[in-house]
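Remarks on the structure that follows.
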Amino acid sequence: MKKEKRRKAGMKKNTPDHDAENESNSDKSKLTELLEHPSYQELMQKLDEAEKKASENWERALRLQADSENAMRRAERDVANAHKYALEKFVAELLPIVDSLELCISNVPNEMQEAAGSVIEGVRLTLKMFYTAFEKFGIKQVNPLSEPFDPEFQQAISMQETDTAKPGTVISVLQKGYTLNNRLIRPALVTVAKGKE
């Protein structure tokens, strides 16, 4: 009898009615889960968190984009400056040569002017070629004689009292200055007039 009960119990488990009952129970639990959704406050809290996270990610993306654009602009500016001022060191090396040629012309004694005329003319032509080449590459001479003193492009070596010029005016240029594309390579060394005390 016990065997029979066990067999009937075993049959019950494997019967299609029993499977249908299990499926209906699982469907009920799924429906219950679906019907039991979070409260309105919980949903609003989750929505606020999601919006906050999205806003933070958007701001981060904008910052990264701005940083990237700034880096590109900096790189472009650096490359442009490298092209624009690449000659700076080379020009700085040439300036003493130009200075020497200018001194050669201005310091020839009067008694030798006639005898050295052709040499002086050759030096003048060489200087003219230098000036033309400088102009071609954006190199300008700063020769501020009789102009107001400008500390941005000039360096005052001394001050001198004089009646012939206004105070603050350049009365002599000891060494000419030069700029490359409006960037100072070497300041002009000058003497500046000062008023009488």
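FYI, it's all coordinate maths here, none of it is from the lab. What you are looking at is a predicted structure, and each value in this text was computed from that prediction instead of being measured. Quick reminder, even Gly has a Cβ in these numbers, built from the backbone with ideal geometry, and neighbours come from all protein chains shown.
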Taking every other residue with Cβ under 13 Å from the Cβ of residue 45 and scoring Lys and Arg +1, Asp and Glu -1, one gets -1
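State the Kirkwood hydrodynamic radius of the stretch 115-158 in Å, one decimal place, computed from all pairs of distinct Cα atoms. Mind dumping the intermediate values first?
On the way: mean 1/r = 0.0767 Å⁻¹.
Result for the stretch 115-158, one decimal place: 13.0 Å.
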Taking loop as defined by DSSP and a crowding limit of 10 other beta carbons within 10 Å, which trypsin sites (Lys or Arg not before Pro) in the stretch 45-112 fit? none
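Filter the chymotrypsin sites (Phe, Trp or Tyr not before Pro) in the stretch 92-145 to those in DSSP coil with at most 15 other Cβ atoms within 10 Å of their Cβ, and list the result. Don't jump to the answer; show the numbers that get you there.
Details: sites: 130, 131, 134, 137; in loops: 137.
Passing both the DSSP loop test and the Cβ count: 137.
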Set 136/176; 84/128; 140/194; 166/196 screened for pairs whose C-alpha atoms are more than 21 Å apart: 84/128; 140/194
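All other residues with a Cβ under 15 Å from the Cβ of residue 187 taken together, and with Lys, Arg as +1 and Asp, Glu as -1, what is their net charge? Each step should come with its number before you reach the end.
Working: positive: 140, 176, 183, 186; negative: 88, 99, 147, 150, 152.
That sum, taken over residues with Cβ under 15 Å, equals -1.
Of all GluC sites (Glu not before Pro) in the stretch 106-147, which ones are in loop regions per DSSP and have a Cβ with at most 10 other Cβ atoms within 10 Å?
Numbers: sites: 111, 114, 121, 135; in loops: 114.
Answer by residue number: 114.
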If I model the stretch 29-181 as equal point scatterers sitting on the Cα atoms and use the Debye formula, what is log10 I(q)/I(0) at q = 0.12, 0.13, 0.19 Å⁻¹? -0.81, -0.88, -1.22
Run through all the Cα pairs of the stretch 53-95 and give the fraction in each 5 Å bin from 0, expressed as whole percent. 5, 20, 13, 13, 10, 9, 9, 6, 6, 4, 3, 2, 0
What nm distance separates the two modelled labels at residue 156 and residue 196, each placed 7 Å from Cα along Cα→Cβ? 2.0
